[in-house]
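Before any comments, here is the structure.
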Amino acid sequence: MGRVALVTGGTRGIGESICVKLKLKGYKVVANYGSSDRVAQYFTEKTGIPAYRFDVSDMGSVIDGIGQIEAEQGPIEILINNAGITRDGTLHKMPAENWDAVINTNLNSCFNTVRAVLKGMRKRQFGRIVNVSSVNGQMGQYGQANYTAAKAGVIGFTKAVAQENAGRGITVNTIAPGYVDTDMVRAVPEDVLQKIISTVPVGRLGKPEDIARAVLFLIDDDADFITGSTVSVNGGQYML
Ligand code: CAA
């Protein structure tokens, strides 16, 4: 059996695609989810991948959840921080709870999960961590001060943790997806979304598999010289 890989927010959208691709490659995949038992049950029936419910924004919940996964499935050697939410709206009207919810779920979650798996990875001298950011963390986005701050934070976090653990066989990288065809993106008002798509040189939304492919590349055992990088998968929407 392959290495144990945990994908947060893994039961639908980009996370689901990552789970499926990793399983096909022989990894022992475990999904985390935050709210819908019904979706998680359907996901597990369809894919055979176990799903564990815990709140990535809460340290206690993460420690319990990861403890249970490691007891039941083995040590986590690969961590994909994919869970994320949006609470879009312009800043002058943004309630503090929408700021907090997005920072906690999209950025503090990375602290919580990485902190929980890092000790084991350092001891075993192997680890692959991929944090999912966003093109909007790189370029900013009208109506997303909370989301862009969190996703830009993920990029800085990745670089710091990559430096700290490079000597221990652990790589830490960011993937910055563009607009991908998921429920999250489909929630953007249609006229706004069409305008955004018109700025994408490839001329379409991304597919979840486009992101999953990049994850597979970064977590390979042989990808040990790639760390602290930000891999943009955005159809050319933003070129750094
Ligand atoms: N640049 C400049 N002006 C813009 C604009 C932009 N990008 N987007 C909207 N506006 C303008 C509108 O044209 C409108 O102008 P008028 O009043 O002159 O008609 C005005 O802003 C509306 O402003 P409001 O403050 O009233 O906006 P609102 O409270 O209705 O909120 C919004 C609008 C929620 C921000 C809405 O525009 C929206 O949902 N935008 C999309 C945000 C987005 O791209 N989210 C990405 C979600 S998917 C994701 O995050 C995944 C990922 O990683 C890529």
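The values are calculated or read from the model by the stated rules, or taken from the named source; none is laboratory data. Only a predicted model underlies this, so the values are computations on that prediction, with no experimental measurement involved. Here Cβ is always computed from backbone atoms with ideal geometry, including for glycine, and neighbour counts include all displayed protein chains. Each accessible area value is taken on the protein alone, full model and side chains, heavy atoms only, with ligands, DNA and RNA left out. Shrake-Rupley method; radii C 1.70, N 1.55, O 1.52, S 1.80 Å.
For a paramagnetic label modelled at 7 Å from the Cα of D221 toward its Cβ, which residues of the stretch 1-39 fall within the zone defined by backbone nitrogen distances under 14 Å?
Only 1-4, 26-28 fall inside the zone, counting backbone N under 14 Å.
Which three lengths, in whole Å and largest first, does the stretch 52-94 cover when its Cα atoms are put on their principal axes?
46, 20, 13
Whole number in Å², please: accessible area per residue of the chain, 1.4 Å probe, ligands, DNA and RNA not counted.
47 Å²
Write down the Kirkwood hydrodynamic radius of the stretch 129-182, to one decimal in angstroms, obtained as one divided by the mean of 1/r over all alpha carbon pairs.
One decimal place: 11.7 Å for the Kirkwood radius.
For the stretch 17-148: lysine pairs with Cα atoms under 29 Å, gap of 8 or more or different chains, count?
Lysine pairs meeting both conditions in the stretch 17-148 amount to 12.
Which percent of the accessible area of the chain is formed by carbon and sulfur heavy atoms (probe 1.4 angstrom)?
Its accessible area is 53 percent carbon and sulfur atoms.
State the Kirkwood hydrodynamic radius of the stretch 101-240 in Å, one decimal place, computed from all pairs of distinct Cα atoms.
15.7 Å
About the Cα centre, and with charges only on the beta carbon of Lys, Arg (+1) and Asp, Glu (-1), how big is the dipole of the chain? Nearest 20 debye, please. Numbers along the way, then the final one.
Numbers: 25 positive and 23 negative charges, 78 e Å.
Approximately 380 debye in magnitude.
Give the angle, between 0 and 90 degrees and rounded to the nearest 10, that separates the Cα long axis of helix 59-73 from the longest principal axis of the Cα atoms of the chain.
50 degrees
Which of these, F54, F126, F217, has the largest mean-square fluctuation under a Gaussian network model of the chain (Cα springs below 10 Å)?
Residue with maximal mean-square fluctuation among F54, F126, F217: F217.
In deg cm²/dmol and to the nearest 500, what is the mean residue ellipticity at 222 nm of the chain if only DSSP H runs of at least 4 residues count, each as -39500 (n - 2.57), divided by the residue total?
That comes out to -14000 deg cm²/dmol.
So how tilted is helix 37-47 from the main axis of the chain? Cα-based, degrees 0 to 90, rounded to 10.
60 degrees
Taking Cα pairs under 8 Å and at least six residues apart, what relative contact order does the chain come out at, in percent?
20 percent
For the chain, set up a Gaussian network in which alpha carbons nearer than 10 Å are linked by springs, and say which option among G228, G156, G178 fluctuates the most.
G156
Please enumerate, by chain and number, the aspartates and glutamates with C-alpha under 14 Å from the C-alpha of K151, excluding those fewer than 8 residues away in the same chain.
Filter leaves D88, D100.
Answer with one residue from V39, N104, M1: the one whose Cα lies farthest towards the positive end of the charge dipole of the stretch 1-126, charges on Cβ with Lys, Arg +1 and Asp, Glu -1.
M1
Which Rg and Dmax, in Å, describe the Cα atoms of the chain?
16.9, 51
In a Gaussian network model over the chain where Cα atoms closer than 10 Å are linked, find which of D191, D181, D55 has the largest mean-square fluctuation.
Among D191, D181, D55, the largest mean-square fluctuation in the Gaussian network model of the chain belongs to D191.
In degrees, nearest 10, range 0 to 90: what is the angle between the Cα axis of helix 109-124 and the longest Cα principal axis of the chain?
30 degrees
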